[in-house]
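Notes for the one structure printed next.
The values are calculated or read from the model by the stated rules, or taken from the named source; none is laboratory data. Computed from a prediction, not measured in an experiment: that's the story for all the values here. Cβ: placed from backbone, ideal geometry, glycine included. Neighbour counts: every protein chain shown. All accessible areas refer to the heavy atoms of the entire protein, side chains included, with ligands and DNA or RNA removed. Shrake-Rupley method; radii C 1.70, N 1.55, O 1.52, S 1.80 Å.
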Amino acid sequence: ITTRSHSLFDTGQTLMPGGVSSPVRAWKSVGGVPIHMERGRGALVWDVDGNEYVDLVLSYGPLIAGHAHPAVIEAIHKAAERGTTFGTTTEGEIELARRVVERMPVVEQVRFVNSGTEATMSALRLARAATGRDRFLKFDGCYHGHGDSFLVKAGSGALTLGTPDSPGVPAELAAMTLVADYNQLDSVARLFEEHPRSIACVFVEPVAGNMGCVRPAQGFLGGLRELCDRYGALLIFDEVMTGFRVAPGGYVEISGVAPDLVTLGKVIGGGLPIGAYGGRLALMQEIAPAGNVYQAGTLSGNPLAVAAGAATLDLVADEAAYQQLERMGARLQRGLEQAARQLDVPLVVGRQGSMLCPYLTGQTVNGFQDVMDSDRATWNRFFHAMLKRGIHLPPSPFEAWFLSTAHGQEHIDRVIDAAAESLREVAVGD
Ligand code: PLP
C-alpha cells in the first residue's frame, strides 16, 4: 500500500515542478507514482506508508556507511550545537581538507563547494583559465552535473561540436563542448587532431556511473593522460561518484593514472550537501583569492557538511572497510548472474566494488551505445517487481546501485532472492 506517497505526490506536483527537486525522483523512466521516504537506518529505508525496503539507492551514493550512522549523526549534532554557519573558515573544513589531501595525493589543495555540479563547473573554469583555451572534451553517457557546458550531446554525423541537450543552453556555448565515445581512445585522438590547440581539458568519470557502471578499458585512462600531455590539455577525473567509494583514495588510487584535477562530492559530505575540487598546487593557486580565477560560495565548506563528511571518511578509513564492500558487491554480482543463468535471461553486471549495475543484455557493456542496446523496457518492469518485494532500486537502468558498510549478507541475500523472483516474473513470465 502506498496511498500516502500517492497523496503527497499529488500535493507536491502542485507546488514543485514534477513534484520533485531533481528529475530522476519522478520515476519518469520506470513509470508509476514515486514512493516518498520517511526514514532510514543502516541498509534499510521506510516509506511514508510504513513499507520497509533494502535500500540500494543510498541517495545516489553519499551514504557509504548507511543511513543515519550514529557516528555521523553525532558529528552533525555536535556541529549544529556550535552553530550552523559562520561565513568564516572553520577548523572542521581544515579537518576534512586534510583527510582528502592525505588520502588522494594528486590533490595537493582542495576547494569546497556545495554540490558536484558546482565542483565540475568550477574545475572547468579553472582548466579554461589555466590553459587559455575554451573548448573541452567529455564522453557520451558521462554526467557531470547540470552546468550549461556539460548539458551537451554529440553533434550528428561529421559535426564534432556539441549541441545543447536542454533548452536554455546557448548553442554557442555547447559548441565549445566536444563529445567522444567512452572507452574509445581513437574518438578522443580524432578530436584532438581536429582541435590541437583549443582543448582545455578532458573530463571523464574514471568509472562511468551515470550509464550504470561501466569500467574503463585497459589503457583507456592512461591513454587519455598521454593525449592530454601531447596536446597540452588538462585531465580531470570526475570522482563525484567514485571518490572514496571505490577505494580509500578513490579511483585515482586504483588506476595509477594521475589527473591534473579531481572533482568530488557525495561521500565527502556523508549525506549533507557538499562538493569539492582539487589538484596540483600550482593549479589550485590560480583560484581566488590565491589567484584570480573567481569562485565563491556563502555556504561553501558548511560546518555541518564537513563534520558529516569527516565522520563518514573516518568510518571507511582503511582497506578493511573497502574489502568488506568488495565482498558484498561480489556476492550480489554472483547472485544476480546465477539467478539470470538459471532462468536463461541474458544479464551482465558492471561493477566496481560497491557500485554496480546489472544490464539485461548478452553483450559486453563498454559504452553508452551498449547500454542503450540493453533491454531497458524489461528492466523498468524489473524495477517494479523488485519494489514489490521490498528492494529500493534507482528508478532507471542508467543509475548505479550502491552498497554501504551496513549492507550485510542477509541484506544482499534478500536482494538476490527478490531478483531471482523478479527476473522470473518479468523476463520468463511465470
Ligand atoms: N559528477 C558525477 C560523476 C555525478 O555522478 C554527479 C551526480 O550524480 C555530479 C557530477 C553532479 O553532482 P550533484 O548532483 O551533487 O550536483
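What to note about this one:
- Neighbourhood charge, 15 Å Cβ-Cβ cut-off, centred on residue 346 and excluding it, Lys, Arg +1 and Asp, Glu -1: -2
- For the stretch 253-361, convex hull volume per residue from C-alpha positions, Å³: 152
- Histogrammed with a bin width of 5 Å, the alpha carbon distances of the stretch 174-258 distribute as 3, 14, 26, 26, 17, 10, 4, 0 percent, first bin at zero.
- Distant-in-sequence amide H partners of residue 65 (H built 1.01 Å from N, under 5 Å): 405
- Stokes-Einstein D (µm²/s) once Rh is taken as the Kirkwood radius of the stretch 305-361 over alpha-carbon pairs, at 10 °C in 1.306 mPa s: 123
- A convex hull fitted to the Cα coordinates of the stretch 121-189 yields 97 cubic angstrom per residue.
- For the chain, cysteines whose Cβ has no other cysteine Cβ within reach (under 4.7 Å): 142, 201, 228
- Top of 407, 144, 77 by mean-square fluctuation, Gaussian network on the chain, Cα under 10 Å: 77
- Summary of the geometry: the stretch 43-59 and the stretch 273-290, compared by the centres of their Cα atoms, lie 37 Å apart.
- Dimensionless Rg ratio for the chain, taking C-alpha atoms and the 2.2 N^0.38 Å reference: 0.96
- More than 26 angstrom apart: percent of Cα pairs within the stretch 1-131: 45
- Within the chain, percent of DSSP bridges classed antiparallel, to nearest 5: 60
- The trypsin sites (Lys or Arg not before Pro) of the stretch 175-228 that meet both conditions, a loop assignment by DSSP and at most 15 other Cβ atoms within 10 Å of the site Cβ, are 197.
- Intensity falloff of the stretch 2-63 expressed as log10 I(q)/I(0), Debye formula with alpha-carbon point scatterers, at q = 0.27 Å⁻¹: -1.27
- Size of charge dipole - the stretch 124-274 - debye, nearest 20, with Cβ of Lys, Arg +1 and Asp, Glu -1, no other charges: 180
- Pair-distance profile P(r), taking every C-alpha pair of the stretch 345-414, with 10 angstrom steps and integer %: 18, 52, 27, 3
- Nearest-0.05 FRET efficiency for residue 410 and residue 319, computed from C-beta distance (R0 35 Å): 0.90
- For the stretch 256-331, a crude dipole built from +1 on the beta carbon of Lys and Arg and -1 on the beta carbon of Asp and Glu, taken about the Cα centre, is about 180 debye to the nearest 20.
- The Cα-based radius of gyration of the stretch 375-430, divided by its Kirkwood radius, gives an Rg/Rh of 0.97.
- Within the straight-line cut-off of under 23 Å between alpha carbons, the lysines reachable from residue 28 are 153, 388, sequence neighbours fewer than 8 places apart in one chain being disregarded.
- Per atom type, the stretch 38-83 shows carbon and sulfur on 51% of its accessible surface, probed at 1.4 Å.
- Computed over neighbours whose Cβ is under 15 Å from that of residue 4, the net charge equals -4, Lys and Arg +1, Asp and Glu -1.
- Segment residue 344-residue 253, length gained on full extension (0.36 nm per residue, minus Cα span): 29.0 nm
- Under 5 Å, built H, 5+ apart or other chain: amide partners of residue 38: 46, 47, 48
- Placing +1 on the Cβ of every Lys and Arg and -1 on the Cβ of every Asp and Glu, with nothing else charged, gives the stretch 101-201 a dipole about its Cα centre of roughly 220 debye.
- Relative packing of 42-55, 269-282, which averages over residues the other C-beta atoms within 10 Å, highest first: 269-282, 42-55
- Convex hull volume of the C-alpha atoms in the stretch 64-178, normalised per residue: 176 Å³.
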